[in-house]
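Colleague: Mind looking over this structure? Questions follow.
The values are calculated or read from the model by the stated rules, or taken from the named source; none is laboratory data. Bear in mind that the values here come from a model prediction, so they are computed numbers and not experimental data. Note that we place each Cβ from the backbone using ideal geometry, even for glycine, and neighbour counts take in every protein chain shown.
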Amino acid sequence: MNSIIVLSVLGLANLFLGFLRSNRLLLPVAMLILLVALGVNYLDWNTGPLSFFSGMLVVDNFSVAFTGIVVVTALLLLPFSQKYVRDGEPNLAEYYSLLLFSLVGAIMLVSYNHLLMLFLGIEILSVAMYVLAGSDKRNLRSNEAALKYFLMGSFFTGVLLFGVALIYGATGTFELSQISAAVQNPAPGFESLTPMLYIGMLIMLVGIGFKVSAAPFHFWTPDVYEGTPTFFAAFMSTVVKTAGFAAFLKLLVQAFPAANAQGVWLPTLTAMCVLTLLIGNVGAVTQTSVKRMLAYSSISHAGYLLIALVAFNGQLYGASANGIMFYSLAYSVATVSAFGVLKLVADARMREDYDGLNGLAKTNPLLAFALTVSMLSLAGIPLTGGFFGKFFIFSAAVENGYIGLVVFAVVMSMVSIYYYLRPIIAMYMRPAEDETTATPVPVGPFQSATLLLLALLTVVLGVLPGLVAGML
């Protein structure tokens, strides 16, 4: 709760920095705000559960852990916005404040204990992302991305709200624990409304599935990621997904853990998982744009995270929660690094295809190294965080008997190696095509240090996973 207050109040204060003639203060101030939010969030560890707003919001170790992941992700991403500072972007203060406000929505998603708070969190997060997707107003692709995201996001928000309304009609409550009790033992007079409850449950799966880019509700992802400025696409791919899956887990574990409810949502979620893995990995293979490949990669990783939801053991602090937490952290670190390198290369070479990476190992060894580590982690290669992220999720699935699903996921992981190796091959094995690709990409010392830190974190998570795994 303290982190929400810090981000809200200081986010508003940050808007007034837009009146300054220079943008130089904006980046360090935004990072300082995130550090303060991270610090006050850490103070809540092992102090909960603490209830706020009549129990609508609950702060416990689960919410603190996922809040830490989203705030750290935003903090590691901010150095790659230096071009906006150098170019004198007139709306930079507003952009940073929108990012801070979107984090408020993300924290509400990992802390909610009431369906109305879930809805508010999704809306706060989504509205900020609608604006940021179209922040490059002179770019037609950015305008198209914002319009698509807004229209489809608004529609699926309506779908989600309709599911919430049906669940309320069938149970008479919005609180997760009371919904769980009503699912197991309907109150007198509510027995005949069980079909309404199950329909509302499935509709909510559809609404949240759209937010986390799960198939078959993924169709917006490639176009929106491609048109959205790379810096904000990275935020969308990491923070939004982490918060969305934490909210998804809370919904299933705390509201619908009963065996009769699982018989309804479990087959649907399993089908979504298989379809997401298939479409995400096969779709990424066919892409010629690195940015669209990362969009399909985001879809495929939603499929791996869905495995943890399918295999959950009925406990919020269980193997599934720990698997999602570790996977989200490893995925976010690698994805921020990948998008960061892509943004630096695209800003210098004005290209986002694989050929734009040709010869990067000779002109910018650091960029090539950072992108290589991130690609290997996303592919799940040993000694990277991505390997143990998949290992923990697959282990949870095997323990609960989902061996066939794990075998299919492993096959899809093998497919992913192909498209994750393509950038590495372009950087190390293909010569520069022209003068543009033969010229070194400008990289500031702050960005270089961030890329090294991201690579180091990826390796540390792959060598010493116990530092994070099992915290919940």
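Colleague: Are any residues in the range 219-243 outside any helix (DSSP H, G or I) and buried (at least 24 other Cβ atoms within 10 Å of the Cβ), and if so, which ones?
Modeller: Listed by number, the list holds a single entry, Thr228.
Colleague: Is it the case that Ala346 is closer than 17 Å to Lys83 by Cβ and of a type in the set (A, V, I, L, M, F, W, C)?
Modeller: It is true that Ala346 is closer than 17 Å to Lys83 by Cβ and of a type in the set (A, V, I, L, M, F, W, C).
Colleague: If you go through the range 406-419 one residue at a time, do you hit one that is farther than 28 Å from Leu75 by Cα and not in a helix (DSSP H, G or I)?
Modeller: No, there is no match, as no residue in the range 406-419 is farther than 28 Å from Leu75 by Cα and not in a helix (DSSP H, G or I).
Colleague: Going through the range 55-79 one residue at a time, which ones are touching a Leu at 6+ places or on another chain (Cβ under 8 Å) and small (Gly, Ala, Ser)?
Modeller: Ala65, Gly68, Ala74
Colleague: Let me confirm something: among Ala246, Ala261, which residue is over 24 Å from Met152 (Cβ atoms), in a helix (DSSP H, G or I) and touching a helix residue (DSSP H, G or I) at 6+ places or on another chain (Cβ under 8 Å)?
Modeller: Going through Ala246, Ala261 in turn, the sole match is Ala261.
Colleague: Next question. Given (1) in contact with a Phe, Trp or Tyr (Cβ under 8 Å, 6 or more places away or on another chain); (2) under 19 Å from Ala409 (Cα atoms); (3) of a type outside the set (A, V, I, L, M, F, W, C), where does Gly318 come up short, assuming only one miss?
Modeller: Unmet condition: (2).
Colleague: Do we find a residue being within 23 Å of the chain's Cα centre (by Cα) and within 23 Å of Gly340 (Cβ to Cβ) anywhere in the range 404-413?
Modeller: no
Colleague: Something else: If Tyr149 passes every condition in (1) touching a residue at least 40 places away in the same chain (Cβ under 8 Å); (2) surrounded by fewer than 21 Cβ atoms within 10 Å (Cβ to Cβ) but one, which one does it miss?
Modeller: Status for Tyr149: all satisfied but (2).
Colleague: Could you list all residues from the range 352-379 that are surrounded by fewer than 24 Cβ atoms within 10 Å (Cβ to Cβ) and either in contact with a strand residue (DSSP E or B) (Cβ under 9 Å, 6 or more places away or on another chain) or β-branched (Val, Ile, Thr) (or both)?
Modeller: Glu352, Asp353, Tyr354, Thr363, Thr372, listed by residue number.
Colleague: If you don't mind, another one. Going through Val290, Val285, Val253, Val206 one at a time, which residue ends up being under 22 Å from Met325 (Cβ atoms) and among the β-branched types (Val, Ile, Thr)?
Modeller: Only one candidate qualifies: Val253.
Colleague: Being free of Cβ contacts under 8 Å to residues at least 40 places away in the same chain, over 14 Å from Met272 (Cβ atoms) and buried (at least 19 other Cβ atoms within 10 Å of the Cβ) is the requirement here; does Gly200 meet it?
Modeller: For Gly200, the condition - free of Cβ contacts under 8 Å to residues at least 40 places away in the same chain, over 14 Å from Met272 (Cβ atoms) and buried (at least 19 other Cβ atoms within 10 Å of the Cβ) - is met.
Colleague: Could you grab the pairs with beta carbons closer than 6 Å, sequence gap of 6+ or different chains, first residue in the range 48-62 and at pLDDT 85 or above and buried (at least 16 other Cβ atoms within 10 Å of the Cβ), second one among the aliphatic types (A, V, I, L, M) and part of a helix (DSSP H, G or I)?
Modeller: Note: pairs meeting the criteria are Met56/Met117; Leu57/Met117.
Colleague: Residue by residue through the range 23-34, note down the ones that are in contact (Cβ under 8 Å) with a residue 40 or more places away in the chain and out of contact with any Leu (no Cβ under 7 Å at 6 or more places or on another chain).
Modeller: Arg24
Colleague: In the list Val206, Val183, which residue meets the criterion of being among the hydrophobic types (A, V, I, L, M, F, W, C), under 22 Å from Asn281 (Cα atoms) and touching a residue at least 24 places away in the same chain (Cβ under 8 Å)?
Modeller: Being among the hydrophobic types (A, V, I, L, M, F, W, C), under 22 Å from Asn281 (Cα atoms) and touching a residue at least 24 places away in the same chain (Cβ under 8 Å) holds for just one of Val206, Val183, which is Val206.
Colleague: Condition test on Val72, is it modelled with pLDDT of 95 or more and either in a helix (DSSP H, G or I) or among the aliphatic types (A, V, I, L, M) (or both)?
Modeller: Here the answer is yes, as Val72 does meet what is asked.
Colleague: When only residues in the range 77-108 that are among the polar types (S, T, N, Q) and in a helix (DSSP H, G or I) count, which is surrounded by the fewest Cβ atoms within 10 Å (Cβ to Cβ)?
Modeller: Gln82
Colleague: Restricting to helices (runs of 4 or more DSSP H) lying wholly in the range 112-204: which have 2 or more residues that are within 21 Å of the chain's Cα centre (by Cα) and over 23 Å from Leu7 (Cβ atoms)?
Modeller: 140-171
Colleague: Any residue at all in the range 375-393 that is at pLDDT below 95, among the small types (Gly, Ala, Ser) and in a loop (DSSP other than H, G, I, E, B)?
Modeller: yes
Colleague: Could I ask something else about it? Scan the range 453-472 and report the pairs whose first residue is in contact (Cβ under 8 Å) with a residue 60 or more places away in the chain and in a loop (DSSP other than H, G, I, E, B) and whose second residue is among the aromatic types (Phe, Trp, Tyr) and surrounded by 21 or more Cβ atoms within 10 Å (Cβ to Cβ), with Cβ atoms within less than 8 Å and a gap of 6+ or a chain change.
Modeller: Here the result reads Val468/Phe326; Ala469/Phe326; Ala469/Phe388; Ala469/Phe392; Leu472/Phe62, each pair linking the range 453-472 to a residue that is among the aromatic types (Phe, Trp, Tyr) and surrounded by 21 or more Cβ atoms within 10 Å (Cβ to Cβ).
Colleague: Only one of Ala432, Ala396, Ala426, Ala348 is at pLDDT 90 or above and small (Gly, Ala, Ser). Can you tell me which?
Modeller: Among Ala432, Ala396, Ala426, Ala348, only Ala426 is at pLDDT 90 or above and small (Gly, Ala, Ser).
Colleague: What are the residues in the range 309-326 that are modelled with pLDDT under 85 and assigned to a loop (DSSP other than H, G, I, E, B), if any?
Modeller: Phe312, Asn313, Gly314, Gln315, Leu316, Tyr317, Gly318
Colleague: Still on this structure: Restricting to the range 429-448, name every residue that is surrounded by 12 or more Cβ atoms within 10 Å (Cβ to Cβ) and either touching a His at 6+ places or on another chain (Cβ under 6 Å) or of a type in the set (A, V, I, L, M, F, W, C) (or both).
Modeller: Once the filter is applied, which keeps residues that are surrounded by 12 or more Cβ atoms within 10 Å (Cβ to Cβ) and either touching a His at 6+ places or on another chain (Cβ under 6 Å) or of a type in the set (A, V, I, L, M, F, W, C) (or both), the range 429-448 yields Ala432, Ala438, Val441, Val443, Phe446.
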